[in-house]
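Structure first, then comments.
The values are calculated or read from the model by the stated rules, or taken from the named source; none is laboratory data. This structure is a prediction, so every number in the text was calculated from the model and none was measured. Positions of Cβ are generated from backbone atoms using ideal geometry, with glycine treated the same way; all protein chains shown enter the neighbour counts.
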Amino acid sequence: MALPCRQAVFFREARVPLRLAALGSCTVLHCDSLHKGSVCSQERLGSSEAAQACPSNGHSLQSSIAVATSLIKQNVVRLLAQLPPEVEVVAAAKTRSPEAVLEAVEAGIRIVGENYVKEAKEAYALVGRRAKWHFIGTLQKHNVRTKMLEMFDMIETVDSLEIAREIDRKCAEIGKIMPVLIEVNSGREPQKSGVLPEHVEELAREISGLTHLKVMGLMTMGPAVGDAEDCRRYFAQTREVFERIKELKLPNVEMRYLSMGMTSTYKVAVQEGANIIRVGSLIFGPRA
């Protein structure tokens, strides 16, 4: 993305785009003109060169940081303005810094989605209860621990009775009922987690007997495709399963949420009934 700026801006090679550094191995973006939308050229600098070229006064650094963070705010405001009020946005924060997550929350994001417990702990330490926290990564049994369950408000990736039982057992220890979504492998991709559409009802019935876990709906990613329209049939099928289970009125199962769609597919997902979308790069920018 081109930056309309007068000075060179430096970004350390880190897990977050737009993180600034005065020292270390940097990428420097030089604006060729002062016109908005001008293209910036890139060159790699070593530590000594970066130290010489990087702005030395605090005002310059603060201005650069403001440019970086204002992009997140603009992205959030733009996205929320496009969506119906009943659609919740989960900011997919995989590899993003706690500071970037906080910026998104301050701009209006109410739910943060984390793939990894370690990254979630780091972001939670800064953001705290200013947002709700959803676990959206692949969940292994050994990762189901009480500290993790205390932090998260929902787990969107339950795809087996074994995982559900472990969540139920650990939540019983802390006196918590965990809202969960059943993950559906709508694309039938063997490399992905999730239960096949025809097995969702069976798993929902099995989970309904657990006392410290409550099924609140379904989640699906859909296959990775070049055209968002190619995901429509997978989202539509998941919505059909959602409605069918809802009609069963199973005990301890409240089909309230349908989590579908990411940055490239969220518009189609909303059209097909999603009321939760999981968006990362549309908020934070491309990953480094």
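Of all the residues in segment 276-287, those that are part of a loop (DSSP other than H, G, I, E, B) and in contact with a Leu (Cβ under 9 Å, 6 or more places away or on another chain) number 1. Those residues that are surrounded by 14 or more Cβ atoms within 10 Å (Cβ to Cβ) and either free of Cβ contacts under 8 Å to residues at least 12 places away in the same chain or over 17 Å from Leu218 (Cα atoms) (or both), I need them from segment 153-166; list them, please. Within segment 153-166, Arg165, Glu166 meet the criteria. Using the structure shown, decide if Leu203 is modelled with pLDDT of 95 or more, more than 23 Å from Val90 (Cβ to Cβ) and of a type outside the set (D, E, K, R). Here the answer is no, as Leu203 does not meet what is asked.
Here Met219 passes the criteria (1) more than 16 Å from the chain's Cα centre (by Cα); (2) under 25 Å from Ile163 (Cβ atoms); (3) outside any loop (DSSP other than H, G, I, E, B); (4) touching a residue at least 40 places away in the same chain (Cβ under 8 Å) except the one numbered (1).
Counting the residues of segment 238-275 that are in a helix (DSSP H, G or I) and not polar (S, T, N, Q) gives 15.
Looking for whichever is charged (D, E, K, R) and assigned to a strand (DSSP E or B) here; the options are Glu150, Glu156. Which one fits?
Glu156
Take Ser186 and tell me if it is surrounded by 15 or more Cβ atoms within 10 Å (Cβ to Cβ), under 18 Å from the mean Cα position of the chain (by Cα) and under 30 Å from Val101 (Cα atoms). Taking the combined requirement at face value, the residue does not satisfy it.
Residues in segment 100-132 that are over 24 Å from Met260 (Cβ atoms) and in contact (Cβ under 8 Å) with a residue 60 or more places away in the chain: Ala100 only.
With the condition kept exactly as written, say whether any residue in segment 207-215 is of a type in the set (S, T, N, Q), surrounded by 15 or more Cβ atoms within 10 Å (Cβ to Cβ) and closer than 18 Å to Arg233 by Cα. No, that holds for no residue.
When Leu181, Leu196, Leu282, Leu203 are checked against the criterion of being more than 21 Å from Thr138 (Cα to Cα) and not hydroxyl-bearing (Ser, Thr, Tyr), a single residue qualifies: Leu282.
If you check Ile174 against the conditions, is it touching a Ser or Thr at 6+ places or on another chain (Cβ under 6 Å) and either more than 14 Å from Thr138 (Cβ to Cβ) or among the aliphatic types (A, V, I, L, M) (or both)? So Ile174 passes the test.
The set of residues from segment 222-234 being over 18 Å from Gly137 (Cβ atoms), touching a Ser or Thr at 6+ places or on another chain (Cβ under 7 Å) and touching a residue at least 40 places away in the same chain (Cβ under 8 Å) comprises Ala228, Tyr234.
Name the single residue, out of those in segment 114-139 being more than 11 Å from Asp153 (Cβ to Cβ) and of a type in the set (A, V, I, L, M), that is nearest to the chain's Cα centre (by Cα). Among those residues, the one meeting the criterion is Ile136.
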